[in-house]
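First the structure, in the form of structure tokens, and then the observations on it.
Each reported figure results from applying straightforward, stated rules to the coordinates on display, with no laboratory input. Being a predicted model, the structure only gives us computed values, none of them experimental. Reconstructed Cβ throughout: ideal geometry from the backbone, glycine too, with neighbour counts over all protein chains shown.
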Amino acid sequence: MAIIVTELSKTFLLRHTHSLKESVIAAVRRKPLSSSFNALDEVSFTINTGESVALLGFNGSGKSTLLKLISGVLRPDRGEVLTRGRVAGLIEVGAGFHPDLSGRENIYLNAAILGMSQKEIDSRFDDIVEFSEIAKFIDTEVKHYSSGMFLRLAFSVAIHTEVDILLVDEILSVGDEPFQRKCLAKIRQLHAEGRTLVVVSHDLGMVADLCDRGILIDKGRVVFDGESHEAVVRMRAQ
Amino acid sequence: MKRTRVTQIVSGPDLDGFVRPGQGAGLIDVFRRRYLLSLLVRKEVQVRYRGSVLGWMWSYVKPITQFLVFFVALGVFLQLNGSIPNYPVYLFSGLVVINLFSEAFSNGTKSLVDNAPLIKKIYLPRELFPVSSTLVAFINFLPQAIVLAVVCVFTGWAPNLVQVLGIVLGVLIVVLLAMGLSLFFGSINVSFRDAQNFVELILLVATWASPVLYQWSMVDKILPDWLMVIYQLNPVTAAVELLHAGFWFPTTDAEVTMPPNLWFFGLCALITSSVLLVVGQLVFRRLERRFAQDL
Ligand SMILES: Nc1ncnc2c1ncn2[C@@H]1O[C@H](COP(=O)(O)OP(=O)(O)OP(=O)(O)O)[C@@H](O)[C@H]1O
Ligand SMILES: [Mg+2]
């Protein structure tokens, strides 16, 4: 097994106050300081090593929240998440990019943020640049990149990190069509090599083909867990 | 890839090798990921003066202007120049300490909010940000220290080993203190932006609460003994006096007296700063679980 999720709940406090002063005033007037909202409610499942799983659900159903809990960005309120092996979340590529640095500098920074050592980056640098196909602009500041070029570079870095569990959120829509196909092929290759995949996407046809298993989430609860095409059918039926 | 993102190993017969994501080892993880730390520091240093003509000259221009303002106002107009020997060196050796402290503390407090996009999307030891702010401030301090040393050499500076060690201790005190306070106020700042304004207030007071612009003996004459002890227990005061002892004292003809028990108060300050660092780390870890959702 690679991921074990047991009775996982995540409750967000929607705070109505944003300073000490507001808090004090609200407390004196006995107004509620916050209200709570269950983004995930008693979610349980296990994912085996090497499995590919699509997380499906409508906007706001809690998919990104679940991926953030698996990657450790968020911490559970109740229940537990356990993972085995190195986890990399492609939750939003390019989060660690700095517009004033060149593509080259950003590759090093971003790869280090994603957990690579200097040696690993040195040895993969050429692959990363080649995959992104923007070698010509590698020493240009990324603020001068087109948004597609930016995403290409960010995706290349992310996809070249050494991982056991790859979490992908909504990023397969990057770049132009040839690049998208290339990304998909790369993800398939990683899966074939035995990586565990958890993919979120609204491109239902694509994820259903990419993944063997689908978990359908509705308002923070798992409503279906089974074959991916069937999960899509269930989702469309809702 | 470094295997440091998760450290708490879960035990159990069939749960071998499983970990709870998101539970790091705090400052120890920062040390483990020092390559990333070095890149973050380098980025900050590179980016700071991007697009300015003078570039890194600004890190000389600012402290020199600040120095001139104080020197004219206090040294010339208030005539401290006459009562404190070699007042320019006295003034500048105190100012560099305050500048280091201010920059590290104020940027460290804001560092988590400034890096919100990263914190919300990727798990990494969040202590990296206050720590890198402190290191950037330290790097910014170095050119000032060099200017100070050069000026000292021209005014007959020949420090002994003890005095040099005093300088190192003083800088260490300030770095630890700023790091601990940044962890503390930085983590509060995530939920309450009041913290960063409060820190500006502390820094305003800090410049005057230590013998930077005036001399300790002037305070000693007025304050009762117990209050003087409290005054000297301020770690920033101890650091300022250690730098005075290292840079300024050797350039005078020793007709001045340094405050007594300087080493004692220096060690007290080192202990205070270390304790505050531990407290800062503990508070940070308590509040950290909410960073990604509150930012
Ligand atoms: N930090 C936060 N504070 C408060 N509420 C939050 C926070 N993060 C997410 N939420 C709420 O949790 C719910 C689930 O959000 P989430 O991002 O997981 O949805 P999603 O399934 O990824 O949706 P989408 O398909 O639009 O990406 C949303 O209603 C959102 O408003
Ligand atoms: Mg989402």
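Quick notes
- 222 nm mean residue ellipticity, helices alone, for chain A (DSSP H n ≥ 4; -39,500 (n - 2.57); rounded to 500): -11500 deg cm²/dmol
- Partner chain coverage, peptide A:70-83 - average Cβ within 10 angstrom: 6
- Under a Gaussian network description of chain A, with springs only between Cα atoms under 10 Å, the residue in A:Ser35, A:Ser147, A:Ser228 that fluctuates furthest is A:Ser35.
- Straight Cα distances below 17 angstrom link B:Lys62 to the aspartates and glutamates B:Glu103, with same-chain residues fewer than 8 positions distant left out.
- Here the relative contact order of chain A, from alpha carbon pairs under 8 Å that lie six or more residues apart, stands at 27 percent.
- Residues A:Asp127 and A:Glu177, FRET efficiency given R0 of 35 Å [Cβ-Cβ distance, rounded to 0.05]: 0.95
- A simple spin-label model places the labels of A:Leu14 and A:Ala27 2.4 nm from each other, with each point 7 Å out along Cα-to-Cβ.
- With each label modelled as a point 7 angstrom along the Cα→C-beta vector, the B:Trp58-A:Val233 pair spans 6.3 nm.
- Among A:Val157, A:Asn48, B:Leu287 the positive-end extreme of the charge dipole of the protein assembly as shown (Cβ point charges): B:Leu287
- Computed helical MRE - 222 nm, chain B, DSSP H runs ≥ 4 contributing -39500 (n - 2.57), nearest 500: -22000 deg cm²/dmol
- Formal net charge of residues neighbouring A:Asn59 (Cβ-Cβ distance under 12 Å; K, R +1; D, E -1): 0
- A Stokes-Einstein calculation at 10 °C with viscosity 1.306 mPa s, built on the Kirkwood radius of the protein assembly as shown over Cα pairs, returns a diffusion coefficient of 61 µm²/s.
- Nearest-0.05 FRET efficiency for B:Met228 and B:Trp208, computed from C-beta distance (R0 22 Å): 0.85
- Qualifying aspartates and glutamates (Cα of each under 12 Å from Cα of A:Lys31; at least 8 residues distant if same chain): A:Glu22
- Summarising the strand pairing of the stretch A:88-229, around 45 percent of its internal DSSP beta bridges are antiparallel.
- Helix axis angle, B:34-48 relative to chain B longest principal axis, alpha carbon, degrees: 60
- Cα long-axis angle, helix B:262-288 against chain B (0 to 90 degrees, to the nearest 10): 30
- Dimensions of the stretch B:22-294 from C-alpha coordinates, computed as largest minus smallest value along each principal axis and given longest first, are 59, 48, 34 Å.
- Relative contact order (percent, whole number), chain B, Cα cutoff 8 Å, 6+ residue spacing: 24
- Net dipole in debye of the stretch B:22-294 [+1 Lys, Arg Cβ; -1 Asp, Glu Cβ; about Cα centre; nearest 20]: 1300
- A cut-off under 15 angstrom between Cβ atoms defines the neighbours of B:Pro260, and their net charge, with Lys, Arg +1 and Asp, Glu -1, is -2.
- Cross-link partners of B:Lys221 among aspartates and glutamates (Cα-Cα below 19 Å; sequence separation of 8 or more within a chain): B:Glu241, B:Glu255
- Taking chain B as a Gaussian network of alpha-carbon nodes connected by springs under 10 Å, the highest mean-square fluctuation of the residues B:Val76, B:Val89, B:Val147 belongs to B:Val76.
- Near-label residues of the stretch A:183-205 by backbone N, under 15 Å of a point 7 Å along Cα→Cβ of A:Asn59: A:202-203
- Inter-label distance for A:Phe45 and A:Gln118, nm, one decimal - labels placed 7 Å from Cα along Cα-to-Cβ: 4.2
- Against the rule of thumb 2.2 N^0.38 Å, how large the Cα Rg of the stretch A:41-154 comes out: 1.28
- Peptide B:123-134 shows a mean partner chain C-beta count of 2 within 10 Å per residue C-beta.
- When B:Val61, B:Val279, B:Val190 are arranged by Cβ crowding within 10 Å, least crowded first, meaning fewest neighbours, the order is B:Val61, B:Val279, B:Val190.
- Antiparallel content of DSSP bridges confined to the protein assembly as shown, in %, to 5: 60
- Given A:Lys10/B:Lys121; A:Lys68/A:Lys186; A:Lys63/B:Lys43, the pairs whose alpha carbons are separated by over 26 Å: A:Lys63/B:Lys43
- A cut-off under 15 angstrom between Cβ atoms defines the neighbours of B:Ser59, and their net charge, with Lys, Arg +1 and Asp, Glu -1, is +1.
- Neighbouring Cβ atoms from other chains, within 10 Å of the Cβ of residues in B:236-244, number 0 on average.
- Global form of chain A, assessed from the alpha-carbon gyration tensor, a/c cut-off 1.5: oblate
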